[in-house]
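Some notes on the structure that comes next.
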There are 2 protein chains.
Amino acid sequence: MEENNGMVAELISVGTEILLGNIVNTNAAYLSEQCARLGLSLYFQTVVGDNEERLTQALTQAISRSDIVILTGGLGPTKDDLTKEVTAKAAGRKLVEDPKARKVVADFFEARRIKQKDITENNWKQALVPEGATVLPNPNGTAPGLIVDCQGKQVILLPGPPGEMRPMFEKSVFPYLQKRSPGIIYSRMVKLCGIGESKAASMIGDLIEGQTNPTIATYARTGEVHLRVTAKAENEEQGKKLVKPMVRELKKRFGVHIFSTKEDGTLEEALVDILKERKYSLATAESCTGGLLTARLVNVSGVSEVLKQGYVTYSNKAKHRLLGIPKGLIKKYSPVSDRVAAEMAKGAAANAGADVAIAVTGIAGPHGGTEEKPVGTVFIACSVKGQVTVREYHFDGNREKIRESSVVCALTLLRECILPQIR
Amino acid sequence: MEENNGMVAELISVGTEILLGNIVNTNAAYLSEQCARLGLSLYFQTVVGDNEERLTQALTQAISRSDIVILTGGLGPTKDDLTKEVTAKAAGRKLVEDPKARKVVADFFEARRIKQKDITENNWKQALVPEGATVLPNPNGTAPGLIVDCQGKQVILLPGPPGEMRPMFEKSVFPYLQKRSPGIIYSRMVKLCGIGESKAASMIGDLIEGQTNPTIATYARTGEVHLRVTAKAENEEQGKKLVKPMVRELKKRFGVHIFSTKEDGTLEEALVDILKERKYSLATAESCTGGLLTARLVNVSGVSEVLKQGYVTYSNKAKHRLLGIPKGLIKKYSPVSDRVAAEMAKGAAANAGADVAIAVTGIAGPHGGTEEKPVGTVFIACSVKGQVTVREYHFDGNREKIRESSVVCALTLLRECILPQIR
């Protein structure tokens, strides 16, 4: 994956707050994925503080070894913000006031009904740009983005806050980079659940082996596998033509394991769509996940059409009171058992008057594990129109990880039980 | 904060998966915070792929400009994993089998009941270490950590998975680095809720202005502010002496806003402790947060002592059925109103037979906002022994962010209502 004869990009994240561990560098992860999507090779990411000497060192090195350098952060109005000044110096250009950049600043305050005369001198500083730079609009902030030619290399300056950086990248930088690449990059996402990464990889080993155009990249997510099919082409139409047969082949091989082919499609969204389609109402009953499964479903705007109610029955008493499970049964089989999971699903469906119910009970740790049922043992039960399926899982990791895996497996099992052709 | 005449550390994260945007580099954030805690200056973080030439370039540069270089990743058993080999070459040392490292590998498999003869050749490769290196045990994996002297600089190699890296850092690397620093660094954490970052900062402006030893660093977290008081001292006793009066001063200024002075103390943990202390049982009722609040409480191992049950009543019907709120009342006041929030809390307490109940209802968006109640409007109600408090909030951001803010504010309000001296 990493070797490639195309253009080479490099990322520099500027900000002392990243060096202090104050914030996690999610910008770098986002931009890295975008570079991969654009077919750019990325060999280095650097983080450096708001310090002129060290920022200059990092930028000079990046320009010397890469074609495109993307910097985030340090574009604000304070005297700590140096990215623009350092870049101008490296490019041998002076800072001049740009009318388009001035408009970015003015528009921002106007939209917030702040009068021109109340805008501080510092804020107008943001209208200064290296001479000849391309100014990128910023509908979400006062710092315009910039593209500066630096010894024939393109240096792209973006604001640090993800809420400003991402829309700017999507609207201005992505098309700019796409246009600069010799031809275009067209890609499609295929998202799988209910199948492990190594199993998925082995099922397409022949396709990946010796792949040239299009290529398939594999991304492992908790309980999911994402496949990105990417083609280099002269235009979008040709790109689609190259990608289409590969996506068709993946659909043939993975069948119902594919839950989405949308770029930002989620498993919970796919599930809610299926429930809506079949006009099934849903109830949940959670023990070890404590509400996490229901919260995941409520991620989907419009879930209220299908979700009747959710029960968090962490204690045995709650399992008895809210779901009607006889106390004797819990005692006999233990609250973490296939039998109690099944009764939880049945009870949730009955008490909520729902067509479908999903229930989770398990030992998320760190305490409560036994020889027979170690930490990580989880039972998930699904009731569809009275028919109950129970499955036992064993997850690795800490409390958080076990609960997260339980949620994804519950969504996957529920999907399997509603789409019976999977089994 | 950044300028410092002490030792300089540098981080290198190794892994093509980070360059592809496949994973977010949380290791760098964790290690950066630990370096700050140790009083080490950190000027650069670099990410580089599993590539011999580029990794050598990054390591050589880091050694040339820093005293301590911490590498994570690339210690696994596959031929892609090169970190150990590259470091040995840079240090001019050959790889030799180390009995302690061999034991790390053997112990790992023994704990998992895998027979010695079934361990692959690749796994034994992990027992090879640069000659003279210090071997760090890894109770959570097969790759031992290593400390290698490289031209008088210390190069520390840690495994990439956070579940292996963090415990190894905490147990082996932190005390090692603490011992090496000239004197020691002693720090204490003071965590606040129910107060904004700028308010908190303004309340200690005089303490931060001109601070030398100890120093206070401010970290903003969703709905929380963390203050770290750090002192440089000759020994722990002296460190404690320096930090103590400052912590006492912070306690005086922030009073009950302080929910924890533990390094990894959480708001939910603090809350569960207070509930336990007062022998209060708890119930929850969630609409827009959809289970997220209850899930946060279930983070606390042993929460079952206080948490009776949780209701996720996303639909109006569920609010009526599970919490007994008259349909007419919901229609009259709208489901997102102070009145319905109050009824949710009362209903949850009554139906669960709990002393305390917390309820959340709001508009998380992207749809459902109105002129009068825009997206981000959230009502939180708390019932303590029949006394109900309701508060209205207006949060910024997307659906996820609004729900996250709602959860923290609900925990904070609940704490306020149980500790009445806050108001």
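Just so you know, all these numbers are worked out from the coordinates, no wet-lab data involved. These numbers were taken from a predicted model, which means no experiment stands behind them. No Cβ is skipped: glycine too gets one built from the backbone with ideal geometry, and neighbour counts run over all protein chains shown.
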Under 5 Å from the placed amide H of A:LEU71, counting only residues 5+ away or on other chains, we find A:ILE12, A:ILE156, A:LEU157, A:LEU158
In degrees, nearest 10, the alpha-carbon axis of helix B:236-254 is tilted away from the dominant principal axis of the alpha carbons of chain B by 20
For the rotation taking chain B to chain A, the chain B residue with the nearest C-beta to the axis, plus the distance in whole Å, reads B:GLY291, 1
homo-copy label distances at B:PRO139 (7 angstrom along Cα-Cβ), nm, one dp, ascending, are 5.3
Label model pair B:LEU329, B:ARG180: point-to-point distance (7 angstrom along the Cα→beta-carbon line) in nm is 6.4
The range A:120-156 scanned against label point 7 Å out from A:GLU52 along Cα→C-beta; backbone N under 14 Å for none
PRE zone check, label point 7 Å out along Cα-to-Cβ of B:GLU305, amide N under 19 Å, scope the range A:317-350, hits A:317-318
Filtered hits (aspartates and glutamates, Cα-Cα < 13 Å from B:LYS319, offset >= 8 within chain) -> B:GLU286, B:GLU343
The simple spin-label model distance between B:ALA350 and B:LYS276, using points 7 Å out along Cα→Cβ, in nm, is 3.2
Magnitude of the Cβ-charge dipole (Lys and Arg +1, Asp and Glu -1) of the protein assembly as shown about the Cα centre, nearest 20 debye, reported as 2820
For the range B:1-68 the GluC sites (Glu not before Pro) that pass both the DSSP coil test and the at-most-12 other-Cβ-within-10 Å test are B:GLU3
Those GluC sites (Glu not before Pro) from the range B:249-287 that are DSSP loop and have at most 15 other Cβ neighbours within 10 Å turn out to be B:GLU263
Phi-derived 3J(HN,Hα) across the range B:104-112 with the Karplus relation (6.51, -1.76, 1.60, θ = phi - 60°), rounded Hz, x for Gly and Pro, is 4, 5, 4, 4, 4, 6, 4, 4, 9
Given unit charges at Cβ for Lys, Arg (+) and Asp, Glu (-), the dipole magnitude of the range B:8-180 about its Cα centre in debye, nearest 20, is 440
To the nearest 10 degrees, the tilt of helix A:26-37 (Cα long axis) against the first principal axis of the alpha carbons of chain A is 90
Beyond 32 Å (Cα-Cα) in this structure, taken from B:LYS84/B:LYS240; A:LYS331/B:LYS262; B:LYS89/B:LYS179; B:LYS262/B:LYS401; A:LYS262/B:LYS262, we find B:LYS84/B:LYS240; A:LYS331/B:LYS262; A:LYS262/B:LYS262
at A:GLY324 the sorted inter-copy label distances (label 7 Å from Cα on Cβ side), in nanometres, are 1.9
Inter-copy distances for A:GLY369, label 7 Å out on the Cα-Cβ vector, sorted ascending, nm, one decimal, are 4.6
Kirkwood Rh for the range A:267-422 from C-alpha pairs, in Å, is 15.2
HN-Hα couplings for the range A:347-355 via Karplus (6.51, -1.76, 1.60; θ = phi - 60°), in whole Hz with x for Gly/Pro, come out as x, 5, 4, 5, 5, 8, x, 9, 6
Interchain or sequence-distant (5+) residues whose placed amide H lies within less than 5 Å of the amide H of A:ARG221 are A:HIS226
Honestly the range A:94-173 on the Cα gyration tensor test (a ≥ b ≥ c root eigenvalues; a/c under 1.5 rounded, otherwise a/b vs b/c for prolate or oblate) is just oblate
Given Cβ charges of +1 for Lys and Arg and -1 for Asp and Glu, the option among A:HIS367, A:GLY347, A:VAL378 whose Cα lies farthest towards the positive end of the dipole of the range A:267-422 is A:GLY347
Counting all Cα-Cα pairs in chain A, those more than 42 Å apart amount in percent to 33
Among beta bridges assigned by DSSP with both residues in chain A, the antiparallel ones amount in percent, to the nearest 5, to 65
Here the range A:379-396 yields Karplus 3J(HN,Hα) values (6.51, -1.76, 1.60; θ = phi - 60°; whole Hz; Gly and Pro given as x) of 10, 10, 10, 10, 10, 10, 6, x, 8, 10, 10, 10, 9, 9, 10, 10, 9, 8
Measuring from the longest principal axis of the C-alpha atoms of chain A, the long axis of helix A:267-278 (C-alpha) lies at a number of degrees, nearest 10, equal to 50
For the range B:163-234, whose charge dipole is built from +1 on Lys and Arg Cβ atoms and -1 on Asp and Glu Cβ atoms, the candidate among B:PHE174, B:VAL229, B:GLN211 with its Cα farthest towards the positive end is B:PHE174
Per-residue Cβ contact counts at 10 Å, fewest first, order B:LEU250, A:LEU158 as B:LEU250, A:LEU158
Here, A:ASN213 and A:GLU121, labelled 7 Å along Cα→Cβ, have an inter-label distance in nm of 5.6
Given backbone amide H placed at 1.01 Å from N, residues whose amide H is under 5 Å from that of A:PHE259, ignoring those fewer than 5 places away on the same chain, are A:LYS191, A:LEU192, A:CYS193
Among trypsin sites (Lys or Arg not before Pro) in the range A:195-265, those in a DSSP loop whose Cβ has at most 16 other Cβ atoms within 10 Å are A:LYS262
Relative contact order as a percentage, the range A:299-423, C-alpha pairs under 8 Å and 6+ apart, gives 18
Taking the alpha-carbon centre of each part, the distance from the range A:293-343 to the range B:121-163 in Å is 45
Expressed to two decimals, the protein assembly as shown has a Cα Rg over Rh, using the Kirkwood radius, of 0.96
Taking only Cα atoms of the range B:184-260, the Rg to Rh ratio with Kirkwood Rh works out at 0.97
